[in-house]
Amino acid sequence: MSSTLTLLFLGTGTSTGVPLVGCSCAVCRSKDPLNARLRSSILLRSGAAALLVDSSPDLRQQALRHGIASIDAVLYTHGHLDHVSGFDDMRAFGWGKDTRLPLYAGSGTLHTLKRMYGWAFSPGNTYRGYVRPEPHDHGGRPFVLGDVAVTPVPVIHARIETYGYVFAWNGVRIGYICDVKEIPAASLNLLRSLDLLILDALRFGKHSTHLSVGESVALMCSLSPRRGLLTHMGHEIDYQKLLSLLPPDIAPAYDGLTLEFQGHPGQPGENRPPSD
């Protein structure tokens, strides 16, 4: 078993990304790199697995930025475009390989992927240069990938089947819930007292399908993680302003944030890019 688990934030933005096309607000014009947000996605790396969560429309840029040449599996939270439309860019992870790329999702998300990318799931797809998925319907049941145990967490987001995930490795437990408005009681029980909880925080004002900053912070306080991070943030949110308003154990995530976990009772380390 590896002595380190690494969590990389590939993107922390909402469906439009930040800056927003055509917008001249202060955040969209900001020179602070912590205000630049690609679409939300994370990469987990352990000694036995490299796990991508969602294939955002910015996947190619994210992979080039961070030198990602291979992954072992993809986990999907839900079927909205900002979480699946980088699907075709995953061909780069399969070039020259005979093995298929395992995909883990709920039945509704797999149905969406098969409808959108029927060519990839076709039995006739044998070309090595294409994405050749190996779909797995987790059905909300826990599973193991390499040395990482994964528990799907059903949550409510719009009218589409949506899951978060709890990752367990070497005594460390991390929750990732990037798109959510409500969390059922049974799911809340899976998220209590984590080492790290990552939650949706779209904007300061309330939204019909996403948690606001205030709602997310209140939820984190009730669930008592050792540390909380906010993601899926829109252009209304200035990083430094939000950071100044948050409790000391909660912070905004940012693109490129890297956390390293050594296992209990170690604390995660952090790599922070310099500001301009």
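The values are calculated or read from the model by the stated rules, or taken from the named source; none is laboratory data. Quick caveat, the model's predicted, so the values are computed rather than measured. No Cβ is skipped: glycine too gets one built from the backbone with ideal geometry, and neighbour counts run over all protein chains shown. Remember, those area values only see protein heavy atoms, side chains included, never the ligands or the DNA or RNA. Shrake-Rupley method; radii C 1.70, N 1.55, O 1.52, S 1.80 Å.
General remarks:
- Close pairs (7 angstrom Cβ cut-off, 6 or more residues apart or separate chains): free of Cβ contacts under 8 Å to residues at least 60 places away in the same chain in region 180-201, open to solvent by 50 Å² or more (accessible area, probe 1.4 Å) and of a type in the set (D, E, K, R) anywhere: 194/173
- Considering region 187-253, the qualifying strands (runs of 3 or more DSSP E), each wholly inside and each with 3 or more residues that are crowded, with 22+ Cβ neighbours inside 10 Å and either touching a Cys at 6+ places or on another chain (Cβ under 6 Å) or not basic (Lys, Arg) (or both), run over 196-200, 228-231.
- Qualifying residue in region 80-99 (condition: touching a Phe, Trp or Tyr at 6+ places or on another chain (Cβ under 6 Å), within 30 Å of residue 226 (Cβ to Cβ) and of a type in the set (A, V, I, L, M, F, W, C)): no
- Options 86, 47; residue that is farther than 19 Å from residue 137 by Cα and modelled with pLDDT under 95: 47
- Residue in region 135-150 that is surrounded by fewer than 20 Cβ atoms within 10 Å (Cβ to Cβ), under 17 Å from residue 218 (Cα atoms) and touching a strand residue (DSSP E or B) at 6+ places or on another chain (Cβ under 8 Å) present: no
- Filter result for the condition that a residue is over 23 Å from residue 200 (Cβ atoms) and hydroxyl-bearing (Ser, Thr, Tyr), over 165, 104, 117: 117
- Of the criteria (1) among the aliphatic types (A, V, I, L, M); (2) farther than 30 Å from residue 125 by Cα; (3) at pLDDT below 95, which one residue 69 fails: (2)
- Here residue 153 meets the list (1) open to solvent by less than 20 Å² (accessible area, probe 1.4 Å); (2) part of a loop (DSSP other than H, G, I, E, B); (3) touching a Ser or Thr at 6+ places or on another chain (Cβ under 6 Å) almost entirely, failing just condition (2).
- Subset of region 162-186 [aliphatic (A, V, I, L, M) and open to solvent by 20 Å² or more (accessible area, probe 1.4 Å)]: 168, 183, 185, 186
Table: residues versus (1) surrounded by 14 or more Cβ atoms within 10 Å (Cβ to Cβ); (2) under 14 Å from the mean Cα position of the chain (by Cα).
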position	(1), (2)
11	yes, yes
19	yes, no
46	yes, no
52	yes, yes
67	no, no
74	yes, yes
79	yes, yes
99	no, no
109	yes, no
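- Yes/no for residue 94 being open to solvent by less than 50 Å² (accessible area, probe 1.4 Å) and out of contact with any Asp or Glu (no Cβ under 8 Å at 6 or more places or on another chain): yes
- Region 31-44, subset touching a strand residue (DSSP E or B) at 6+ places or on another chain (Cβ under 9 Å) and over 28 Å from residue 143 (Cα atoms), residue most open to solvent (accessible area, probe 1.4 Å): 36
- Residue 60 being within 24 Å of residue 115 (Cα to Cα), open to solvent by 50 Å² or more (accessible area, probe 1.4 Å) and in contact (Cβ under 8 Å) with a residue 12 or more places away in the chain: yes
- Subset of region 60-114 (residues that are assigned to a helix (DSSP H, G or I) and among the small types (Gly, Ala, Ser)): 63, 92, 107, 108
So that you can scan it fast, the table gives a plain yes or no per residue for (1) within 20 Å of residue 44 (Cα to Cα); (2) among the polar types (S, T, N, Q); (3) modelled with pLDDT of 95 or more:
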position	(1), (2), (3)
109	no, yes, yes
112	no, yes, yes
126	no, yes, no
139	no, no, yes
142	yes, no, yes
153	yes, no, yes
174	yes, no, yes
179	yes, no, yes
185	no, no, yes
